[in-house]
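The values are calculated or read from the model by the stated rules, or taken from the named source; none is laboratory data. None of these values were measured; they are calculated from a predicted model. Please note: Cβ atoms are built from the backbone with ideal geometry, for glycine as well, and neighbour counts cover all protein chains shown. Only protein heavy atoms, including side chains, enter the accessible area calculation; ligands, DNA and RNA are left aside. Shrake-Rupley method; radii C 1.70, N 1.55, O 1.52, S 1.80 Å.
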Amino acid sequence: MADAFCPDCKRSTEVVFDHSAGDTVCSECGLVLEAHSIDVTSEWRTFANESADNDPVRVGGPTNPLLTDGGLSTVISKPNGAQADFLSSSLGRWQSRGANPDRNLILAFKTIATMADRLGLVATIKDRANEIYKKIEDLKSIRGRNQDAILAACLYIACRQEDRPRTVKEICSVANGATKKEIGRAKEFIVKQLEVEMGQSMEMGTIHAGDFLRRFCSHLGMTNQAVKAAQEAVQKSEEIDIRRSPISIAAAIIYMITQLSDDKKPLKDISLATGVAEGTIRNSYKDLYPYAPRIIPTSFAKEEDLKNLCSP
Amino acid sequence: MAEQGSQGKQLLSRHPSGVVFTIQNVVSTVNMDCKLDLKTIALLARNSEYNPKRFAAIIMRIREPKTTALMFASGQMVCTGAKSEQQSKLAARKFARIVQKLGFPAKFKDFKIQNMLSSCDVKFPIRLEGLSLSHGAFCSYEPEIFPGLIYRMRQSKMVLLIFASGKIILTGAKSEDDTHAAFENIYPVLTEFRKIQQWYVIVFSLQ
């Protein structure tokens, strides 16, 4: 539904876009204004005849606005029969020799996509990470820096901006070679560059234990009741003065809740699922223990059960 | 008694917040204005180390005041480890004297304090998250990466590390007055984000 000038009606009329035929039709007189418009939306399949060889309906891959020319993917291929016809083979050679201005970008996007797939992230986070990388790339100040760390940091920032934060250790596990320190430094660098560039729009709140709780619990296979209890416990623990990283607090609360339920998870499992060291979980547990009656919801465990909780 | 009273009043006038900070480290540079032969100095001076493959300067230490100096072949020297501005100047002079005694025409040009690091304790816990939310433009708080909040004060170009326990580290100052100004600036902000403890719960759990 749009307004366009219809030559037959000689005025601006309401125009209907017919997706099935790709026609733009005037709703007053029925004149077809534009036929065979190219569909730039995402992939859809034609089941006409499943010839995998060449589908003439398709004219290329999905457009990517981050690449310089929208990601045009036309190439000159070598004709069948290898005639060594001068023109066609040279054309092929000349095209591949010409530097694709986006080669680095495409490689970076591919790396980000691999990392995101390993973590099981949705396309929105992946696209945001790509955008962040493109913005940084334009600034040229990352020339000397560790590329893996920068890409990992882009992904980390994208997760944070979408309110689905991932711990730096999780990002570390899928980034090849980047250490926690390098990713941290790269993240600070990117945030500073983008703030200079775009003003105050880097709104990334601090992380909380509750953001990660759901994910850690599902890694461990806890029951719904336990998960709910853990979430309530984390909410209450925010008021208490515990000077520990939010991840360690989340891990300690999971440990406490699993010790109270029937299915007790060993420290090693929790350590693996959360990425927190066993010693740290033990120390955080020691800090949380005095507040146990306050943070654990009474619906989950009564006072007597809390006495069963082993003292650290 | 009267003297102590007046001293107390003086302290309060300088530190209206009632908290005094201690200077932990002073870094200064001085130009000795003569080319040094690092190898001979390293061989002649007793308390020096020189490893050209690792770093192109002599690292020399003296006991009183307990400081370390980096001496470069161009004649520039960096003096670190002093606990006050006067001590830093004294130590730099001592180092220059050592170089003089070894036969080089060392002078004492352009002594400048480059950095002063101080620490203090406000004695109450601080809500770092609240502080980072309200002063977002100046703060950087990443509990995963570093437990302290990094506060970059734009007007005095200083960096403060604020910890949840109430301990503060101030760095980037060129003089003690800079540190004073920065601290008096941040103190009201810290009191605003003081963590209010609830003690009654601890009593219950002790039963």
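The ellipsoid that matches the Cα gyration tensor of chain B has semi-axes, each √(5λ) in whole angstrom, of 42, 21, 16, with the longest given first. Measuring from a point 7 Å past the Cα of B:GLN114 along Cα-to-C-beta, which residues in region B:55-77 have an amide N at less than 17 Å? The answer is B:55-61, B:67-77. Expressed as a fraction of 2.2 N^0.38 Å, the value expected for a compact globular protein of N residues, the C-alpha radius of gyration of the protein assembly as shown is 1.39. Of the solvent-accessible surface of region A:103-198, computed with a 1.4 Å probe over protein heavy atoms with every protein chain present, carbon and sulfur atoms account for 47 percent. Ranking B:ILE162, B:PHE138, B:GLY81 by Cα position along the charge dipole of chain B, where only Lys, Arg, Asp and Glu carry charges on their C-beta atoms, puts B:GLY81 farthest toward the positive end. Secondary-structure-derived ellipticity at 222 nm for the protein assembly as shown, considering helices only, amounts to -13500 deg cm²/dmol, per-run term -39500 (n - 2.57) for DSSP H runs with n ≥ 4. Quick one: which bits of region A:219-267 get at least 40 Å² less accessible when the partner protein chains are in, versus the chain alone, with a 1.4 Å probe? Buried-area filter returns A:ASP241, A:ARG243. For region B:7-81, the square roots of the Cα gyration tensor eigenvalues, ordered a ≥ b ≥ c, give a/c of at least 1.5 with a/b greater than b/c, which places it in the prolate category. Within straight-line reach of B:LYS39, meaning a Cα separation under 17 Å, sit the following aspartates and glutamates at least 8 residues removed in sequence or on another chain: B:GLU49. Roughly speaking, to the nearest percent, how much of region B:43-165's 1.4 Å accessible area is carbon and sulfur? Ligands and nucleic acids excluded, carbon and sulfur give 55 percent. Surface burial for A against B, with a 1.4 Å probe and both sides summed, reaches about 1800 Å² of accessible area. Protein heavy-atom accessible surface, 1.4 Å probe, per residue over region A:103-198: 49 Å².
Checking the Cα-Cα distances for A:LYS126/A:LYS286; B:LYS123/B:LYS157; A:LYS228/A:LYS264; A:LYS126/A:LYS192; A:LYS236/B:LYS157; A:LYS192/B:LYS157 against a 27 Å cut-off, the pairs over it are A:LYS126/A:LYS286; A:LYS236/B:LYS157. Charge tally for B:LYS174 (other residues, Cβ to Cβ under 15 Å; Lys, Arg +1; Asp, Glu -1): -2.
Counting only residues at least eight positions apart within a chain, or on another chain, the aspartates and glutamates with an alpha carbon under 14 Å from that of A:LYS110 are A:ASP102, A:ASP127, A:GLU131, A:ASP148.
The magnitude of the dipole of the protein assembly as shown, with charges of +1 and -1 set on the Cβ of Lys/Arg and Asp/Glu and taken from the Cα centre, is near 3820 debye. Helix B:176-192 and the longest principal axis of the Cα set of chain B meet at an angle near 20°.
In this label model, B:ARG194 and A:MET198 are separated by 4.0 nm, measuring between points 7 Å along each Cα→Cβ vector.
Measuring between alpha carbons in the structure, the pairs from B:LYS83/B:LYS167; A:LYS134/A:LYS181; A:LYS134/A:LYS187 lying more than 21 angstrom apart are A:LYS134/A:LYS181. Rolling a 1.4 Å probe over the protein heavy atoms gives region A:210-308 an accessible area of 48 Å² per residue.
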